[in-house]
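A.B. asks: To start, I am sharing the structure in question, which I have written as structure tokens.
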Amino acid sequence: MADLVDPPLVQLLTPEGERVEHPDYRFDGDDQTIAALYRDLVLTRRVDTEATALQRHGELGIWASLLGQEAAQIGSGRALAPQDFAFPTYREHGVAWCRDVDPMALLRLFRGTDQGTWDPDEHNFGLYTIVIGAQTLHATGYAMGIQRDGAVGTGEAGRDAAVVAYFGDGATSQGDVNEAFVYAAVMNAPVVFFCQNNQWAISEPTTRQTRVPLYQRAAGFGFPGVRVDGNDVLAVHAVTTEALQRAREGSGPSLIEAFTYRMGAHTTTDDPTRYRHSDEVERWKLRDPLERVRAYLRRVNAVDEAFFTDIEAEAEELGVRLRAEVRALPDPDPTTLFGNVFTEQTPELAAEQEEFRSWSASLETEVAR
Amino acid sequence: MTATTMSMAKALNAGLRRAMDDDSKVVLMGEDIGRLGGVFRITDGLQKDFGDERVIDTPLAESGILGTAVGLALRGYRPVVEIQFDGFVYPAYDQIVSQVAKYRYRSGGRVGMPIVIRIPFGGGIGAVEHHSESPEAQFAHTPGLKVVACSNPRDTYWMIQQAVASPDPVVFLEPKRLYHSTKAEIDVEATPTPLFSSQVVRPGTSATVLAYGPAVSVAMGAAEAGLADGLDLEVIDLRTLSPLDMGPVHESVRKTGRAVVVHEAHRNLGMGAEIAARISEECFYSLEAPVLRVGGYDTPYPPSRVEEAWLPDLDRVLDAVDRSLAW
Ligand SMILES: Cc1ncc(C[n+]2csc(CCOP(=O)(O)OP(=O)(O)O)c2C)c(N)n1
Ligand SMILES: [Mg+2]
């Protein structure tokens, strides 16, 4: 167990909000960039809080909270270049935010009115993937496509592209993730494997998935691995920026283990009191990803107080909009569920749709009578 | 007419070559398909001519093949993957059923998966276990996948090209025991019949025999043998298993009043069950007998020295026809 925790984390901003040096990594943005990251962190957390509340009010079927993982997601999401592509799990609301996917698209999915209907090509952001680990192979294949497009190692700015595959600590036990590591390694594919080790896979601690620190797994596959403080947005940004650059240059894949914590339940249906102690949660609260950025910005006087109140107001406005729009979301017309199975509807499906239509119509006449 | 004589293996090779010539986004993926040309030599010479970026020897992991194919498709490629043998498709089952089949639906029609999954299927080659299976019903049962099976070199040449051109994922079943056994003249300038269509391959009046893949030659053999007993069987090559093209089937059964479905796959919940149900729903008043099924027995595929006893042969087909006629 000690081994799982002990290896040093790459850290650039302490929980107290102090910048620290690291021999290999540095954050190269200025304080305004940090202020912008802070805004992302706050608004992402607000999306999450609203969604959890909406689920409690019966407006969403379920919600998978990212509470505690904001820095891991914003830090990596903001390291992406426009031409890069990200493949999420079901919890990457912060990355979705960075990719300009409207939170409403996520809320529709969790409400049950659709299954993730953003355009992956418009946002360079794949569909949410619930089958654990499956998307890591999609990411690797996409990266192989980038190679075939000649968009790696050209040195031309804005052309070379990379892919990020998001997954959890539990996912590292999946065959697909290990196959993705193999494929990416032998193909030298421009993909960054970004593991958010939030310490839990529903009720199972990371010790149920591994005997070695997860980032060390990379060595066995033949690419570098690094463990970063996942609650430090600057360190995550720096580490991811470097891994992406490496991939774009043609130096191949790498693994980032963002050491973080799932502050909330696995999803709104979960009860974590059955399997973990609240003192663990309390300890992690001291390492909150937002607090340290706020402390830093205040300390160096990078922004004035109005900056914070403005963001609060913006968050409030966002909350109001999401609540209103979710409540106004109509259920889909059931006849539409027969579309989009294939490019063109098959005669068989057309017949089923017709059968359904006349069945529904007959029920309506029944009611009318 | 520009006719060439080809085996089914050659027809696949030529069809794939033409598809790759036509569209630079077509890439082939699979185990041993490069220098070796695949264990059945279907991709012989293609890596030499198209390079290893387009004919990819993959690591030995089937879920990886399909999962990376999904990613390539998302990047605008058209992967044609080879599963080395039918019994090894199961490690990829999750990616096929949960990812390939559903992406279009989940994305609200925005993103398609133009992937062809080639599977050499069926038995009769004296192979060790896991090399002789018929998993088609598992895929035909999955919404979002199209499933076709070829039965002769000429169809194969066209069907593989049509499958590659399909914007939807196609599970492409190749009767491995026929790869090298027969040859046909193929006019490469002909206009092919549509991919998702069934065809009457032998007109007749006594009863309708429905088959696909390797069972088509068994059905044709039965029809030939039946002549001596005064039987004039109509044989339909279904070709497409999902969607089914029931038009020609219903027309035939309305004429003959009797139908026998033949496949190598296990009978329980096999394609025959679905086809029998559809015929009884649509042709009830034309039927003189229940639709009968001839298939593999509901056991795992047996050891090769007894596979001939397990596989449907022309005697079992004719026996079923006799039972239908005697009803
Ligand atoms: C293949 C598969 N098995 C089981 C599940 C059910 N499940 C959903 S989330 C989860 C835990 C995942 O843990 P981890 O990878 O650490 O991600 P996290 O939820 O912590 O973000 C499980 C078991 C699933 N979605 N997919
Ligand atoms: Mg986890």
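A.B. asks: Tell me which residues, restricted to segment B:177-219, are open to solvent by less than 20 Å² (accessible area, probe 1.4 Å), in contact with an Asp or Glu (Cβ under 9 Å, 6 or more places away or on another chain), under 14 Å from B:Val148 (Cα atoms) and not polar (S, T, N, Q).
C.D. replies: B:Ala211, B:Tyr212, B:Gly213, B:Pro214, B:Ala215, B:Val216
A.B. asks: Taking segment B:68-95 as the region of interest, how many residues are part of a loop (DSSP other than H, G, I, E, B), more than 12 Å from every other protein chain (Cβ to nearest Cβ) and open to solvent by 10 Å² or more (accessible area, probe 1.4 Å)?
C.D. replies: Qualifying residue count, segment B:68-95: 2.
A.B. asks: Hey, could you check segment B:97-110 for residues that are assigned to a loop (DSSP other than H, G, I, E, B) and open to solvent by 10 Å² or more (accessible area, probe 1.4 Å) and say which is farthest from the other protein chains (Cβ to nearest Cβ)?
C.D. replies: B:Lys102
A.B. asks: I'd like to know if segment B:114-134 contains one or more residues that are within 8 Å of chain A (Cβ to nearest Cβ) and open to solvent by 10 Å² or more (accessible area, probe 1.4 Å).
C.D. replies: No: segment B:114-134 contains no residue that is within 8 Å of chain A (Cβ to nearest Cβ) and open to solvent by 10 Å² or more (accessible area, probe 1.4 Å).
A.B. asks: Something else about it: I'd like to verify a number: residues in segment B:11-52 that are hydrophobic (A, V, I, L, M, F, W, C), open to solvent by 20 Å² or more (accessible area, probe 1.4 Å) and not in a loop (DSSP other than H, G, I, E, B), how many? Walk me through how you get there before you give the answer.
C.D. replies: Of all residues in segment B:11-52, those hydrophobic (A, V, I, L, M, F, W, C) come to B:11-12, B:14, B:16, B:19-20, B:26-29, B:33, B:36, B:39-40, B:42, B:46, B:50.
This time we only want the ones that are open to solvent by 20 Å² or more (accessible area, probe 1.4 Å), so: B:14, B:36, B:39-40, B:50.
When the remaining residues are screened for being not in a loop (DSSP other than H, G, I, E, B), the result is B:14, B:50.
Here the count works out to 2.
A.B. asks: Let me ask you something else. Out of (1) within 7 Å of chain B (Cβ to nearest Cβ); (2) out of contact with any Phe, Trp or Tyr (no Cβ under 9 Å at 6 or more places or on another chain); (3) of a type outside the set (Ser, Thr, Tyr); (4) away from ligand 1 (no atom under 16 Å from the Cβ), what's the single condition that is false for A:Glu156?
C.D. replies: (1)
A.B. asks: What's the number of the condition A:Glu50 fails, among (1) closer than 21 Å to A:Thr269 by Cβ; (2) among the acidic types (Asp, Glu); (3) part of a loop (DSSP other than H, G, I, E, B); (4) away from every other protein chain (no Cβ under 14 Å)?
C.D. replies: (3)
Quick grid of which residues meet (1) over 24 Å from A:Lys285 (Cβ atoms); (2) part of a loop (DSSP other than H, G, I, E, B); (3) in contact with a Phe, Trp or Tyr (Cβ under 8 Å, 6 or more places away or on another chain); (4) assigned by TED's automatic domain parsing to the domain that holds A:Arg262:
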| residue | (1), (2), (3), (4) |
| --- | --- |
| A:Leu60 | yes, yes, yes, yes |
| A:Trp63 | no, yes, yes, yes |
| A:Leu66 | no, yes, no, yes |
| A:Ile74 | no, no, yes, yes |
| A:Leu80 | yes, yes, no, yes |
| A:Tyr128 | yes, yes, yes, yes |
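A.B. asks: Of all residues in segment B:220-240, how many are assigned to a helix (DSSP H, G or I) and buried (at least 23 other Cβ atoms within 10 Å of the Cβ)?
C.D. replies: Of the residues in that region, 2 qualify.
A.B. asks: What helices (runs of 4 or more DSSP H), lying completely within segment A:259-352, carry at least 3 residues that are more than 14 Å from every other protein chain (Cβ to nearest Cβ), free of Cβ contacts under 8 Å to residues at least 40 places away in the same chain and over 23 Å from the mean Cα position of the chain (by Cα)?
C.D. replies: Helices (runs of 4 or more DSSP H) meeting the threshold: A:278-285, A:305-328.
A.B. asks: Sticking with this one: Out of A:Asp30, A:Asp48, A:Asp40, A:Asp100, I need the residue that is buried (at least 17 other Cβ atoms within 10 Å of the Cβ), farther than 24 Å from A:Ile202 by Cβ and at pLDDT 95 or above. Which one? Can you show your working first?
C.D. replies: Numbers: A:Asp30 fails: buried (at least 17 other Cβ atoms within 10 Å of the Cβ); A:Asp48 fails: farther than 24 Å from A:Ile202 by Cβ; A:Asp100 fails: buried (at least 17 other Cβ atoms within 10 Å of the Cβ).
After applying the criteria, what remains is A:Asp40.
A.B. asks: Okay, next question. Filtering segment B:241-272 down to residues that are assigned to a helix (DSSP H, G or I) and either within 17 Å of the chain's Cα centre (by Cα) or within 14 Å of chain A (Cβ to nearest Cβ) (or both), which residue is surrounded by the fewest Cβ atoms within 10 Å (Cβ to Cβ)?
C.D. replies: Restricting to residues being assigned to a helix (DSSP H, G or I) and either within 17 Å of the chain's Cα centre (by Cα) or within 14 Å of chain A (Cβ to nearest Cβ) (or both), the top hit is B:Gly247.
A.B. asks: Taking only pairs six or more apart or across chains, which ones have beta-carbon atoms under 7 Å, a first residue in segment A:80-91 that is more than 12 Å from chain B (Cβ to nearest Cβ), and a second residue that is open to solvent by 20 Å² or more (accessible area, probe 1.4 Å) and part of a strand (DSSP E or B)?
C.D. replies: Listed pairs, sorted by first residue: A:Thr89/A:Gly168.
A.B. asks: Which residue pairs have Cβ atoms closer than 6 Å, lie 6 or more positions apart in sequence or on different chains, and pair a first residue in segment B:189-212 that is farther than 19 Å from B:Leu314 by Cβ with a second residue that is modelled with pLDDT of 95 or more and among the aromatic types (Phe, Trp, Tyr)?
C.D. replies: As it stands, the answer is B:Pro192/B:Trp158, since those pairs meet every condition given.
A.B. asks: Quick one: count up the residues across segment A:118-154 that are out of contact with any strand residue (DSSP E or B) (no Cβ under 6 Å at 6 or more places or on another chain), open to solvent by 20 Å² or more (accessible area, probe 1.4 Å) and either over 19 Å from A:Pro82 (Cβ atoms) or in contact (Cβ under 8 Å) with a residue 24 or more places away in the chain (or both).
C.D. replies: Residues in segment A:118-154 being out of contact with any strand residue (DSSP E or B) (no Cβ under 6 Å at 6 or more places or on another chain), open to solvent by 20 Å² or more (accessible area, probe 1.4 Å) and either over 19 Å from A:Pro82 (Cβ atoms) or in contact (Cβ under 8 Å) with a residue 24 or more places away in the chain (or both): 8 in total.
A.B. asks: Please specify each residue of segment A:170-196 satisfying the condition of being within 12 Å of ligand 1 (Cβ to nearest atom) and in contact with a Pro (Cβ under 9 Å, 6 or more places away or on another chain).
C.D. replies: Across segment A:170-196, the qualifying residue is only A:Gly175.
A.B. asks: Would you be able to tell me the number of residues in segment A:67-111 that are out of contact with any strand residue (DSSP E or B) (no Cβ under 9 Å at 6 or more places or on another chain) and farther than 23 Å from A:Glu242 by Cα?
C.D. replies: Residues in segment A:67-111 being out of contact with any strand residue (DSSP E or B) (no Cβ under 9 Å at 6 or more places or on another chain) and farther than 23 Å from A:Glu242 by Cα: 13 in total.
A.B. asks: Which numbered condition in (1) without any contact (Cβ under 8 Å) to a residue 60 or more places away in the chain; (2) within 30 Å of A:Arg294 (Cα to Cα) is the only one that A:Tyr215 fails?
C.D. replies: Among (1) without any contact (Cβ under 8 Å) to a residue 60 or more places away in the chain; (2) within 30 Å of A:Arg294 (Cα to Cα), the lone unmet condition for A:Tyr215 is (1).
A.B. asks: Same structure again: Given the conditions (1) assigned to a helix (DSSP H, G or I); (2) of a type in the set (Gly, Ala, Ser); (3) within 15 Å of the chain's Cα centre (by Cα); (4) within 14 Å of another protein chain (Cβ to nearest Cβ), report the number of the one that A:Ala96 does not fulfil.
C.D. replies: (4)
A.B. asks: Would you confirm whether any residue within segment A:166-176 is within 14 Å of another protein chain (Cβ to nearest Cβ) and under 15 Å from A:Gly252 (Cβ atoms)?
C.D. replies: Scanning segment A:166-176, I find no residue that is within 14 Å of another protein chain (Cβ to nearest Cβ) and under 15 Å from A:Gly252 (Cβ atoms), so the answer is no.
A.B. asks: Sticking with this structure for a sec: I'd like to verify a number: residues in segment B:14-42 that are touching a helix residue (DSSP H, G or I) at 6+ places or on another chain (Cβ under 7 Å) and under 22 Å from B:Ala127 (Cβ atoms), how many?
C.D. replies: Here the count works out to 4.
A.B. asks: In this structure, is A:Glu179 modelled with pLDDT of 95 or more, within 16 Å of ligand 2 (Cβ to nearest atom) and of a type outside the set (A, V, I, L, M, F, W, C)?
C.D. replies: Here the answer is no, as A:Glu179 does not meet what is asked.
A.B. asks: Separate question: Report, ordered by the first and then the second residue, all pairs with beta carbons closer than 6 Å, sequence separation of six or more or different chains, a first member in segment B:1-20 that is β-branched (Val, Ile, Thr), and a second member that is in a strand (DSSP E or B).
C.D. replies: B:Thr4/B:Ile186; B:Thr5/B:Lys183; B:Thr5/B:Glu185
A.B. asks: So, one more: Any idea which of (1) within 16 Å of ligand 2 (Cβ to nearest atom); (2) open to solvent by 30 Å² or more (accessible area, probe 1.4 Å) is the one A:Ala171 doesn't satisfy?
C.D. replies: Of everything listed in (1) within 16 Å of ligand 2 (Cβ to nearest atom); (2) open to solvent by 30 Å² or more (accessible area, probe 1.4 Å), A:Ala171 misses just condition (2).
A.B. asks: Would you check if A:Gln115 is within 13 Å of chain B (Cβ to nearest Cβ), without any contact (Cβ under 8 Å) to a residue 24 or more places away in the chain, in a loop (DSSP other than H, G, I, E, B) and open to solvent by 10 Å² or more (accessible area, probe 1.4 Å)?
C.D. replies: Spelling it out, A:Gln115 is indeed within 13 Å of chain B (Cβ to nearest Cβ), without any contact (Cβ under 8 Å) to a residue 24 or more places away in the chain, in a loop (DSSP other than H, G, I, E, B) and open to solvent by 10 Å² or more (accessible area, probe 1.4 Å).
The values are calculated or read from the model by the stated rules, or taken from the named source; none is laboratory data. Keep in mind it's a predicted model, so treat the numbers as computed, not measured. Glycine also receives a Cβ, built like all others from the backbone with ideal geometry; neighbour counts cover every protein chain displayed. Heads up: the accessible areas ignore ligands, DNA and RNA and are worked out on the full protein's heavy atoms, side chains in. Shrake-Rupley method; radii C 1.70, N 1.55, O 1.52, S 1.80 Å.
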